[in-house]
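Okay, structure first, notes after.
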Amino acid sequence: MNQQIYINGEYFSKDEAKISVYDHGLLYGDGIFEGMRIYSGKVFRLHEHLLRLWESATAISLQIPIGIDDLTNDVNEAVKRNGLEEGYIRLIVTRGSGALGLDPFQCANPQIIIIVDKITLYPKALYENGLELVTASTIRNHPAALSPRIKSLNYLNNVLAKMEGLKAGCKEALMLNHQGQVAECTGDNVFIVKAGQLITPPKEAGILEGITRNAVIDLAKEAEIETIESPLTRHDLFVADECFLTGSAAEVIPVVTLDGRTIGTGSPGPITKQLNDAFRDLVRQ
Ligand code: PMP
């Protein structure tokens, strides 16, 4: 693949795509991003991703230097140029370069970067057999410190939890919020199935409102499976019939254990499979 990376309207090879070491995106994690999927050459829910990008920008008082229609065209053009029918897009907007101090208002040139690449987040076998999770001791960012609803370049909170998961032999880790409730995983939203109902933590639990999460809630509605957004504890996961995660990179992936304890039958459950099939149909449309 002859990768072409977009920076502010221009295209560069992977080796030549560079930004300043004075960019506050690098110095302070001051910036925002989106991760999106390409299915059959088309970006899945591009508009929803861009609306969330604009919300993240507003939340950190970052003025994205081009309009949403232009960025829509640029993302589609970047996909075309890279010629990938199936793939992943990392869209980044940094604060831009400034002085060696926090002041974001001295940064004049936000950088818009679009990387189109392939992604395999988890091995294929885990989609069939299910994922094992551990609960991280690192809690999700307190919403009053850094709202998880902002998809910011400051992902250390998630990185530290991911590290705990990996060290425990798990590819993903469950993160609780400051109240001890289930928030989400390091890069995915969490769902359980209990007595035929789908339950997922509400936005107020301190989560990123995932685009895939919302797509799955829509699919459940179409299938007449009731979804409730309600606070969950680890206990609810331990006694759930089924559990699965959603994310642009992860898609829909079953979870079969938490902290070494089997969830449900220990195999991906029927509602997880049904929703996963519906998701596959949706993205193939
Ligand atoms: N939570 C977090 C912390 C994430 O980083 C992501 C995206 N990787 C998600 C949830 C899932 O969001 P989406 O479905 O929009 O990719």
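The values are calculated or read from the model by the stated rules, or taken from the named source; none is laboratory data. This one's a predicted model, so the numbers in the text were calculated from it and none came from an experiment. Counting neighbours? That spans all protein chains shown, and the Cβs are built from the backbone with ideal geometry, glycine included.
For this structure, a couple of remarks:
- Search result, residues across the stretch 228-248 that are within 15 Å of the ligand (Cβ to nearest atom) and surrounded by fewer than 17 Cβ atoms within 10 Å (Cβ to Cβ): Glu229
- Residue within the stretch 59-81 that is polar (S, T, N, Q), within 16 Å of the ligand (Cβ to nearest atom) and part of a helix (DSSP H, G or I) present: no
- Remark: pairs (first residue in the stretch 131-150, more than 15 Å from the ligand (Cβ to nearest atom); second residue in a loop (DSSP other than H, G, I, E, B) and of a type in the set (Asp, Glu); Cβ separation under 8 Å; 6+ apart in sequence or on different chains) = Val134/Asp259; Thr135/Asp259.
- Taken over the stretch 221-276, residues that are closer than 21 Å to Lys203 by Cβ and hydroxyl-bearing (Ser, Thr, Tyr) amount to 5.
- Selected residue (only one of Gly187, Gly165 is farther than 22 Å from Glu48 by Cα, within 18 Å of the chain's Cα centre (by Cα) and of a type in the set (Gly, Ala, Ser)): Gly165
- Residue match in the stretch 192-206 (condition: within 11 Å of the ligand (Cβ to nearest atom) and touching a residue at least 60 places away in the same chain (Cβ under 8 Å)): yes
- Being free of Cβ contacts under 8 Å to residues at least 24 places away in the same chain and more than 12 Å from the ligand (Cβ to nearest atom) is a description that applies to Lys167.
- Answer residue from the stretch 93-110, given it is touching a Lys or Arg at 6+ places or on another chain (Cβ under 7 Å) and over 17 Å from Gly9 (Cβ atoms) and is surrounded by the most Cβ atoms within 10 Å (Cβ to Cβ) among those: Cys107
- Out of Ile211, Ile207, Ile217, Ile192, one residue alone is among the β-branched types (Val, Ile, Thr), surrounded by fewer than 22 Cβ atoms within 10 Å (Cβ to Cβ) and at pLDDT 95 or above. It is Ile217.
- Total residues in the stretch 48-76 satisfying the condition of being touching a residue at least 24 places away in the same chain (Cβ under 8 Å), surrounded by fewer than 20 Cβ atoms within 10 Å (Cβ to Cβ) and more than 16 Å from Gly31 (Cα to Cα): the figure is 4.
- Conditions (1) touching a residue at least 40 places away in the same chain (Cβ under 8 Å); (2) more than 18 Å from the chain's Cα centre (by Cα); number of the one not met by Ile253: (2)
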